[in-house]
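Participant: Please read through the structure below; I'll follow up with questions.
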Amino acid sequence: MTIKFFKESGPTNMNSASFTFCVPCLFGLEGLAADELRRLDLQDVRAEDGRVFFSGGLSDCARANLSLRCGERVLLELGSFPARSFDALFEGVRALRWEDWLPRDAAFPVTGYSLDSALFSVPDCQKIIKKAVVERLKTRYRLEHFPETGAEYKIRFAIRKDLVSVCLDTSGVALHKRGYRPAHTEAPLRETLAAAMVRLSRYRGRDDFCDPFCGSGTVAIEAALAALNRAPGLNRRFAAESWTCFEPAVWDRAREAARAAEYRGEYRIFASDIDPRAVRMAKENAERAQVAELIDFSVADAASFSRETARGVIVTNPPYGERLLDRRQAEEIYRAFGAALAGTENWSLYLLSSDPEFERCFGRTADKRRKLYNGMIRCDLFMYYK
Ligand SMILES: C[S@@+](CC[C@H](N)C(=O)[O-])C[C@H]1O[C@@H](n2cnc3c(N)ncnc32)[C@H](O)[C@@H]1O
């Protein structure tokens, strides 16, 4: 059995060593997450279904956690190896240098998934992996029992086509949780997906930006964060900040660099919704994200949408009819919104919907469609930009 280690030296070299990291992301966002990693000057960026890999040091790990808009987590890969039996899984995990990462009091829960593999029972794999880590640490620490009272080092495994990847989760709470949205309306969009829609719209902070179905404000808030070039993770903490192997200065330096890279400018971002409660929540969320002064919020019916400016971009997520209204009502809204947009030919539009009849109701065929997932719901981003 070949076991691939991503660290050969002891803990003393950790701050200069290079590791492999894995960034899981929503299906459809891999290319965008890979672009973000390249723009952070990270090496060996490689996208696969649902995840992107890169190489780097611990300071790169801190930068990625702070800056990624479209990735869900940053996982540090400790090793990968083939395994078609529980014995192979156990041996592969036990061979990894857990003692370099986990202190005696570490809490180390195990979670993961298996796809297209002989080892398909996730609970059994979890138990085997836990046991293998305990066995390894027992001999290194000469302990029989691990209290797990200290910082959390969550172990995440992925088994795809009999290839096991074993990682430590450096993010903790998923990166889409930026910390600004405890309150939400009925169907909030995941922050990472909203950020991806903004990115796909090529909004650069110059033209008018509108979300006329803003709900809890996620799209407009992500647009404001992108316009400011503000790292979305600046107001939250990450699991690896409590790990002994990371020097605290690594995080301080990454935060300072992120703050120094921010832009200042005049932006015209508009967010509206027919529901006054949603608009109130959107404002509160924007205040928590510290971008409220950049966004003009109002209560308005998208059926009477109108703008005086000749150019601009609309990025929005109108109701689908699956969760909020029935489909016919949603389709009526698409019709009315499409009619209201007559006269905005120079505007580019990016509309997310799961309704296969969307274009017919809206009254225009999209220049391009992009398949995206809002949670479990398969959607298309209908793009109009010509
Ligand atoms: C799918 S949700 C948008 C969720 C939002 N992207 C978020 O992250 O919270 C659709 C929103 O459209 C709003 N809405 C429904 N009909 C509307 C209309 N005619 N004009 C404006 N907003 C409307 C609903 O109140 C709801 O907040």
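Participant: Output the residue which, of all residues in the stretch 314-323 that are within 9 Å of the ligand (Cβ to nearest atom) and surrounded by 15 or more Cβ atoms within 10 Å (Cβ to Cβ), is farthest from Thr218 (Cα to Cα).
Facilitator: In this case the residue turns out to be Tyr320.
Participant: Taking the conditions exactly as written (modelled with pLDDT of 95 or more and either on the phi < 0 side of the Ramachandran plot or near the ligand (Cβ under 9 Å from one of its atoms) (or both)), does Leu341 satisfy them or not?
Facilitator: Against the criterion (modelled with pLDDT of 95 or more and either on the phi < 0 side of the Ramachandran plot or near the ligand (Cβ under 9 Å from one of its atoms) (or both)), Leu341 does not qualify.
Participant: So which residues in the stretch 365-386 are among the charged types (D, E, K, R) and loosely packed, with under 15 Cβ neighbours inside 10 Å?
Facilitator: Asp367, Lys368, Arg369, Lys371, Arg378, Lys386
Participant: Looking at the stretch 65-82, can you tell me whether even one residue there is without any contact (Cβ under 8 Å) to a residue 40 or more places away in the chain and part of a strand (DSSP E or B)?
Facilitator: Looking for residues that are without any contact (Cβ under 8 Å) to a residue 40 or more places away in the chain and part of a strand (DSSP E or B), one finds none in the stretch 65-82, hence no.
Participant: I'd like to know if the stretch 183-200 contains one or more residues that are in contact with a helix residue (DSSP H, G or I) (Cβ under 9 Å, 6 or more places away or on another chain), more than 16 Å from the ligand (Cβ to nearest atom), closer than 28 Å to Val250 by Cα and at pLDDT 95 or above.
Facilitator: No; the residues of the stretch 183-200 include none that is in contact with a helix residue (DSSP H, G or I) (Cβ under 9 Å, 6 or more places away or on another chain), more than 16 Å from the ligand (Cβ to nearest atom), closer than 28 Å to Val250 by Cα and at pLDDT 95 or above.
Participant: Hey, could you check the stretch 291-313 for residues that are within 12 Å of the ligand (Cβ to nearest atom) and either part of a strand (DSSP E or B) or among the basic types (Lys, Arg) (or both) and say which is nearest to Arg206 (Cα to Cα)?
Facilitator: So the residue we want is Ser298.
To keep it simple, each residue is scored yes or no on (1) over 20 Å from Ala224 (Cα atoms); (2) touching a residue at least 60 places away in the same chain (Cβ under 8 Å); (3) surrounded by 20 or more Cβ atoms within 10 Å (Cβ to Cβ).
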| residue | (1), (2), (3) |
| --- | --- |
| Pro109 | yes, no, no |
| Leu119 | yes, no, no |
| Asp124 | yes, no, no |
| Thr139 | yes, no, no |
| Glu144 | yes, no, no |
| Ser165 | yes, yes, yes |
| Arg190 | no, yes, no |
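Participant: Can you find even one residue in the stretch 260-281 that is under 24 Å from Ala174 (Cβ atoms), in contact (Cβ under 8 Å) with a residue 60 or more places away in the chain and within 20 Å of the chain's Cα centre (by Cα)?
Facilitator: no
Participant: Name the residues in the stretch 52-66 that are within 24 Å of Ala223 (Cα to Cα) and in contact with an Asp or Glu (Cβ under 7 Å, 6 or more places away or on another chain), would you?
Facilitator: Listed by number, the list holds a single entry, Val52.
Participant: Looking at Glu331, Glu357 in this structure, which one is more than 25 Å from the chain's Cα centre (by Cα) and more than 13 Å from the ligand (Cβ to nearest atom)?
Facilitator: Only one candidate qualifies: Glu357.
Participant: If you take the residues of the stretch 208-252 that are farther than 30 Å from Arg104 by Cβ and β-branched (Val, Ile, Thr), which of them is nearest to the ligand (Cβ to nearest atom)?
Facilitator: Result: Thr218.
Participant: Which one of the conditions (1) touching a strand residue (DSSP E or B) at 6+ places or on another chain (Cβ under 6 Å); (2) within 30 Å of Thr316 (Cβ to Cβ); (3) of a type in the set (S, T, N, Q) does Thr192 fail to meet, given that it meets all the rest?
Facilitator: The failed condition is (1).
The values are calculated or read from the model by the stated rules, or taken from the named source; none is laboratory data. Just so it is clear, the structure is predicted and the values come from calculations on it, not from any experiment. Every residue, glycine among them, receives a Cβ derived from its backbone with ideal geometry; neighbour counts consider all protein chains shown.
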